[in-house]
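Here the structure is laid out as structure tokens; the discussion comes afterwards.
Nothing in this text is a laboratory measurement; each read-out follows from the coordinates by a stated rule. Not measured: the values here are computed from a predicted model. Please note: Cβ atoms are built from the backbone with ideal geometry, for glycine as well, and neighbour counts cover all protein chains shown.
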Amino acid sequence: MDTQWPRWEVFKQDTPSKPHQAVGSVHAADPQHALLTARNIFARRPQAVSMWVARADDIFSWTKEEIAEGQLKAESHEARGLQHPAKYLAFRKTSHKRSMTFVDYVGEVEATTPEEALRKAQATFTDAEALAWWLVPAARVFKSDPSPQTIESWFAPAKDKTYKQQQYYATIGAHVSKHKVGRGVEDEA
Amino acid sequence: MRPEVREALIAKLTALADDEVILAHRNSEWTGHGPILEEDIALANIVQDELGHATLWYGLRQALDGSDPDRLAFFRDAYEYRNCELVELPKGDWAFTMLRQFLFDLYETLWLEAAQHSTYQPLAEAVQKIMREERFHLQHTYAWVERLGLGTEESNRRLQQALDMQWGYAQQLFVPIPGEELLVAEGIVPDLAPIKARWLELATRHLQNSGLKLPINPGYQPTSRAGHTEHLWSILAEMQSTARWDAEAKVW
């Protein structure tokens, strides 16, 4: 029996004016658990106002190269009940420069299959070249509670938290060389 | 502030801080041993938050009597600590740790909500900072209780076992310290009786909804915070050893 929890991709929104960005993944038992762990892993200190999670299995992804080679068929989506018109959230990667984020949310499309969603996303979001696309059925994306109380509780404490370098702890953080006295001189001196 | 009120406030702040320090240290024992990396990190976050809360409470005490928080944490013996016994019990399994954290988070959240309007301004301000973190902690442990309680036969059994052990200990959270009635009369801290009633109602509902048996015979219910289990001695020995090894240490 596979005892591993499923993997969830995490999308973090830094400020209300920025898109949700993929920041990494967590393993969790269910959507709410995934959101709770995602908050701990990815938003304890960095700025955030909202998080989304989606099971890795529910994400349909294509690279630019796969698209160029015509590998457009998404695997086994029929089995996942995705044959009827549904909303998809489209995420797009446009740069190799950032190491931490993979794709940014660009918007919604309505489609009958993931492949159609990809085609519609390609036709709709044309302002930048896509290096990779992620299409996720909207119903499979789980979002953190947008209420002010939750935003305050989940994301506000990060603003007061800072990283402290060792030097901050002046007493024990000082390197031994700073306390060295001349050769042969007793430490007690 | 009258001297006897000041004395009582110092004692109350110490009790609040000591609960946080000992619970944080207990939970820190999971670091590197969590059931999954994500939960290991999550619990370490909670630990750091609780230590931050202890720093706030000790800081309020320092403003009253000038005591150094580091001296209080690292150079007091067990008989001088004023934490409740619940937080010093060994960490047990994951169910034990999550249940204790849930019972404590629920108490703390309710206490903080009631303490928001404290007439002692520094305390009211500290409450605001702590409360938002506690709400998140509570969501996390609330979720774990539900999942373990309704998970498998084994997870339910382990959680019930933890509950049978902890239910009586948890009642000590609602035993006022000597002189606390002075603080309540001045509006500095909230009366524990209504908080206990609300805690009992909410804890019982969530635990029952999670498939656990309640009410149960609470068994041993500690009262005085001057008394401790033998576990406090060993946890302090470990926690304080570095600081006590060389109290004047200046180099590393």
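Using Cβ counts within 10 Å as a stand-in for footprinting exposure, how do A:F91, A:F60, B:F74 rank, fewest first?
B:F74, A:F60, A:F91
Given the rule -39500 (n - 2.57) for each run of at least 4 DSSP H residues, summed and divided by the residues of the protein assembly as shown, what is its mean residue ellipticity at 222 nm, to the nearest 500 deg cm²/dmol?
Mean residue ellipticity at 222 nm (helix-derived): -15500 deg cm²/dmol.
How do A:T113, B:T14, B:T242 rank when sorted from fewest to most other Cβ atoms within 10 Å of their own Cβ?
In increasing order of surrounding Cβ atoms, one gets B:T242, A:T113, B:T14.
What percent does the relative contact order of chain B come to when contacts are Cα pairs within less than 8 Å and at least six residues apart?
26
Between the range A:23-49 and the range B:127-161, what is the C-alpha centre distance in whole Å?
The two parts, judged by their Cα centres, are 17 Å apart.
From the square roots a ≥ b ≥ c of the eigenvalues of the alpha-carbon gyration tensor of chain B, which class results: rounded (a/c under 1.5), prolate (a/b over b/c), or oblate?
oblate
What is the distance in Å between the Cα centres of the range B:58-74 and the range A:122-165?
The range B:58-74 and the range A:122-165 have Cα centres spaced 40 Å from each other.
Select from A:S153, B:W233, A:A22 the residue farthest towards the positive end of the dipole of the protein assembly as shown; place +1 on Cβ of Lys and Arg, -1 on Cβ of Asp and Glu, and compute about the Cα centre.
The Cα lying farthest towards the positive end belongs to A:A22.
Could you give the radius of gyration (one decimal) and Dmax (whole number) of the Cα atoms in the range B:107-180, in Å?
When restricted to Cα atoms, the range B:107-180 yields Rg and Dmax of 16.1, 49 Å.
Give me the dipole magnitude in Debye, nearest 20, for the range B:3-245 about the Cα centre, with unit charges on the beta carbon: positive for Lys and Arg, negative for Asp and Glu.
The dipole of the range B:3-245 has a size of about 320 debye.
To make sure I understand, if each residue's beta carbon is the centre and we count other beta carbons within 10 Å, what order do A:K93, A:K161 fall in, fewest to most?
A:K161, A:K93
At what distance in angstrom do the alpha carbon centres of the range B:185-201 and the range B:1-35 lie from each other?
For the range B:185-201 versus the range B:1-35, the Cα centre distance is 18 Å.
Compute the Rg to Rh ratio over the protein assembly as shown from the alpha carbon atoms, using the Kirkwood formula for Rh, and round to two decimal places.
In the protein assembly as shown, Rg relative to Rh is 1.05.
What ³J(HN,Hα) values, in whole Hz, does the Karplus curve 6.51 cos²θ - 1.76 cosθ + 1.60 give for the range A:137-147 when θ = phi - 60°, with x put for Gly and Pro?
Here the 3J(HN,Hα) series is x, 4, 5, 9, 9, 10, 10, 5, 4, x, 5 Hz.
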